[in-house]
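Report on the following structure.
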Amino acid sequence: MKQDQWAERLEKHIANHREMPKRDLWEGIEAALDKRARRQARLVAFRRWCIAAVLVGLMAGGAYMFWNREAGGVEDMFSAPAKVIASNDKPALKKVEDTSKKVEDFMRKEEDASRKVVGSLRKEENPSRKEEGSLKKEEGSSKTEEYEVRCENTPTINKDETILPPLSSLLPPRNNTPRRLSMSLYASGGTNGYKGRNGVLMSPSYLQQFTMTRAADSKVYLTGYEERQNHDFPLSFGLTFSYPLTNRLAVSTGVVYTKLNSDFLTLMLSQQIKRHQSLHYIGIPLNLQYALWHWRGLSVYLSAGGQVDWNVKAEANTDGVDQEMNKDWAQWSVGGSLGVQYDFIPQIGLYVEPGIRHYFDNGSHVSNFFKDKPTDFNLQLGLRFHF
């Protein structure tokens, strides 16, 4: 339906329409405005508190992790060498004693054998036999020297002492995330949309016909005319790449597709006009990720950054008739989230990121979710591939 046809249709309906205002009309309007203003004030205050809480949490987490890295963690306390703890009754001590006795017996036998070989060589006059005896003697001495060298390199253990492994080997590794390039495929959405309603203003040409107006630019709403809007929560699909800057800090960017669906219902006395609107966006995010904790494939991290979205396609349908509409302008937003990731294999991990995002007013006249509810919570689910 064209704009001029809609205007002509509206003029026909209100051409001969006259309605006397009620006595309590202005009191009702003022009460409704006060109620709406109070609700908007509470909503704005709640949004500000949420944003402040997220910022304070991010700052506190970053400060804590920076201080912990400078001061040293728990690993430094347990990085000392193995300690020797005294013990009296240990099965290992008996084994050590038995081993030492066997070594002494073996050395005595080797000495006796070498003495017998030397004596036999002295009695024999055959030079070949002498050479063989000397070779055997050298072999026996080399074995003895080798054994002595091994014994010298072996640490001595007292009978009342036992060596225990360092405590750092018994603790799980803490925040030893490797620096790897990763790719993420995700979907982002929410559970709650936005529903609202507003009145239809009287056109300036008809407004001048009423003597009750106090100024030419006064806002007067038509009785029985109203517009209701229902905005679905934005649904996004993204492909991002993350590059590590340090063992904890990484930067990520990519491409994101977002779709916004909205339904509008215009009430005109006894008639209704239904309009459906679909907006398609392509965005580029830029985020920083800071690793907080990592243990056995499970990791926790913080993410914060901004995103810009461009409206690449705008569709509208009014009562079954397709219409042309202007595209929305570039949409900027900022947000933060707390992510939890689990790598079920070293190359692939599953992650979830609950977060909050704020959309700035871009100044366009296209009604959508970004303008009617600029600050809201979202949930992101995805797979992350490591290279």
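Quick notes
Results for (1) closer than 23 Å to residue 235 by Cα; (2) free of Cβ contacts under 8 Å to residues at least 24 places away in the same chain; (3) among the β-branched types (Val, Ile, Thr), shown as yes or no for each residue.
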site	(1), (2), (3)
284	yes, no, yes
289	yes, no, no
300	no, no, yes
303	yes, no, no
307	yes, no, no
317	yes, no, no
338	yes, no, no
377	yes, no, no
386	no, no, no
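- Yes/no for residue 288 being among the hydrophobic types (A, V, I, L, M, F, W, C), modelled with pLDDT of 95 or more and within 19 Å of residue 379 (Cα to Cα): yes
- Considering (1) small (Gly, Ala, Ser); (2) over 16 Å from residue 364 (Cβ atoms); (3) in contact with a Leu (Cβ under 7 Å, 6 or more places away or on another chain), the lone condition that residue 314 does not fulfil carries the number (2).
- Of all residues in the stretch 11-40, those that are modelled with pLDDT of 70 or more have Cβ atoms under 7 Å from Cβ atoms of residues that are open to solvent by less than 100 Å² (accessible area, probe 1.4 Å), 6 or more apart or on another chain, in 13/268; 13/269.
- Number of positions in the stretch 253-279 that are open to solvent by 20 Å² or more (accessible area, probe 1.4 Å), among the aliphatic types (A, V, I, L, M) and within 23 Å of residue 185 (Cβ to Cβ): 1
- In the stretch 317-354, the residues that are loosely packed, with under 14 Cβ neighbours inside 10 Å and of a type in the set (Val, Ile, Thr): 321, 345, 348
- Within the stretch 335-386, being in a strand (DSSP E or B) and polar (S, T, N, Q) holds for 337, 341, 375, 378, 380.
- Among the residues of the stretch 222-271, those identified as assigned to a loop (DSSP other than H, G, I, E, B) and within 30 Å of residue 339 (Cβ to Cβ) are 232, 233, 234, 245, 246, 247, 248.
The values are calculated or read from the model by the stated rules, or taken from the named source; none is laboratory data. For clarity, every value in this text was computed on a predicted model and none was experimentally measured. Every residue, glycine as well, gets a Cβ built from its backbone with ideal geometry; the counts of neighbours run over all protein chains shown. Please note that ligands, DNA and RNA were not included when accessible areas were found on the heavy atoms of the full protein model with its side chains. Shrake-Rupley method; radii C 1.70, N 1.55, O 1.52, S 1.80 Å.
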